[in-house]
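> Quick one: the structure is below, questions incoming.
The values are calculated or read from the model by the stated rules, or taken from the named source; none is laboratory data. Being a predicted model, the structure only gives us computed values, none of them experimental. Note that we place each Cβ from the backbone using ideal geometry, even for glycine, and neighbour counts take in every protein chain shown. Calculation scope for accessible area: heavy atoms of the full protein, side chains included, ligands and nucleic acids excluded. Shrake-Rupley method; radii C 1.70, N 1.55, O 1.52, S 1.80 Å.
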Amino acid sequence: YAAVKDSPAFGKEDREKIESVLFVPLMKNLYSHDIEFTNMQLHHISNYGIAAILLNRYWNLLGDALYGDHGFYAFLQDGFTADGIALEGGVYHPFGLIPLLDFSARIRECGIELVNDPFKRIFDHGILCTPQGVADANLRSTYPLAWERFRDPKYLPTLKLMKKLPPGIQAKDVPDTIFLGNTLQKNNGYLWIREEGPYGFRAIAINYIMGWDRMEHDRLNYRLFDHGMLSHEVSRVGYTNPGAD
């Protein structure tokens, strides 16, 4: 709509009717349904914030999308742990990060850069919470931007795998993986034990606070890796299971 609203196909009354009857109620409805630090709330703030820009009206909603109790900056501070994982857990982590980056991209078109220092711990988590320092597939698309903003060499193996190394950096000069050793993300409760031994690379990941798959706490999960994930022990109740109630 924003791309065609100023074309001769629409008159002033047409535009006002479309915006007032369709878009504005949607924006207000999303604003009124604040669901705190969840991936769905991120889509809410992104949609009504971007709509304010595109429609050039209700700029207070853009302000809330940025500065509200569960807006962009609040998410960066309180919607991710100090170790950089979204509060809803590992599998849901991309659904927390990617909407923030989509929103940032649209704001960037207005000349404002939102991907600043607080994002660094989130990008680092995507590397450090892997067996061998290469971001999971559902996060890889975010690392060209991570490199552009922070130029951290530990992002390069991911870019190499994507065949998107920056100009001037040769693939032969970048390792395929990173040996990260043993690490503890104490805020998430994610423990990694890694070994480069006579049998090659092996690792075990133990999650003792936040679940690997989603936000429920107090579940002990583990995953075993030996040139790929061999097994995992993750207990969850699906949304459609009567036990979910």
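So that you can scan it fast, the table gives a plain yes or no per residue for (1) modelled with pLDDT of 95 or more; (2) not aliphatic (A, V, I, L, M):
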| position | (1), (2) |
| --- | --- |
| 80 | no, yes |
| 89 | no, yes |
| 107 | no, no |
| 141 | yes, yes |
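> Check the stretch 164-176 and report whether any residue there is open to solvent by less than 50 Å² (accessible area, probe 1.4 Å), at pLDDT 95 or above and within 29 Å of residue 220 (Cα to Cα).
No: zero hits.
> Quick test of your reading of the structure: residue 186 fulfils all but one of (1) at pLDDT 90 or above; (2) closer than 16 Å to residue 133 by Cα. Name the failing condition by number.
The number of the failed condition is (2).
> Give me a count of the residues in the stretch 70-91 that are in contact with a strand residue (DSSP E or B) (Cβ under 6 Å, 6 or more places away or on another chain) and either farther than 13 Å from residue 138 by Cβ or aromatic (Phe, Trp, Tyr) (or both). Break it down stepwise before answering.
Step one: filter the stretch 70-91 for residues in contact with a strand residue (DSSP E or B) (Cβ under 6 Å, 6 or more places away or on another chain), giving 80, 83, 86, 89.
Remaining after also requiring either farther than 13 Å from residue 138 by Cβ or aromatic (Phe, Trp, Tyr) (or both): 80, 83, 89.
Selection size over the stretch 70-91: 3.
> Pick out the one residue from 28, 17, 5 that is in contact with a Lys or Arg (Cβ under 6 Å, 6 or more places away or on another chain) and surrounded by fewer than 19 Cβ atoms within 10 Å (Cβ to Cβ). Spell out how you get there, then give the answer.
Values: 28 fails: in contact with a Lys or Arg (Cβ under 6 Å, 6 or more places away or on another chain); 17 fails: in contact with a Lys or Arg (Cβ under 6 Å, 6 or more places away or on another chain).
Unique residue meeting the criteria: 5.
> Does residue 73 qualify as being at pLDDT 95 or above and closer than 27 Å to residue 126 by Cβ?
Values: at pLDDT 95 or above: yes; closer than 27 Å to residue 126 by Cβ: yes.
Here the answer is yes, as residue 73 does meet what is asked.
> Between a residue in the stretch 207-235 that is on the phi > 0 side of the Ramachandran plot and any residue that is at pLDDT 70 or above, which pairs come within a Cβ distance under 7 Å, given they are 6 or more apart or on different chains?
227/200; 227/201
> Tally time: how many residues in the stretch 77-91 are surrounded by fewer than 17 Cβ atoms within 10 Å (Cβ to Cβ) and among the small types (Gly, Ala, Ser)? Please lay out each step first, then the result.
As a first pass, look at the stretch 77-91 and keep what is surrounded by fewer than 17 Cβ atoms within 10 Å (Cβ to Cβ): 77-78, 82.
Filter again for among the small types (Gly, Ala, Ser), leaving 82.
Counting residues in the stretch 77-91 that are surrounded by fewer than 17 Cβ atoms within 10 Å (Cβ to Cβ) and among the small types (Gly, Ala, Ser) gives 1.
To keep it simple, each residue is scored yes or no on (1) among the aliphatic types (A, V, I, L, M); (2) in contact with a Pro (Cβ under 8 Å, 6 or more places away or on another chain).
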| residue | (1), (2) |
| --- | --- |
| 138 | no, yes |
| 146 | yes, no |
| 167 | no, no |
| 170 | no, no |
| 176 | no, yes |
| 183 | no, no |
| 204 | yes, no |
| 209 | yes, no |
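> Just checking, which of 94, 118, 157 is of a type outside the set (D, E, K, R) and open to solvent by 50 Å² or more (accessible area, probe 1.4 Å)? Step through it out loud before you land on a result.
On the way: 94 fails: open to solvent by 50 Å² or more (accessible area, probe 1.4 Å); 157 fails: open to solvent by 50 Å² or more (accessible area, probe 1.4 Å).
Criteria check complete, one pass: 118.
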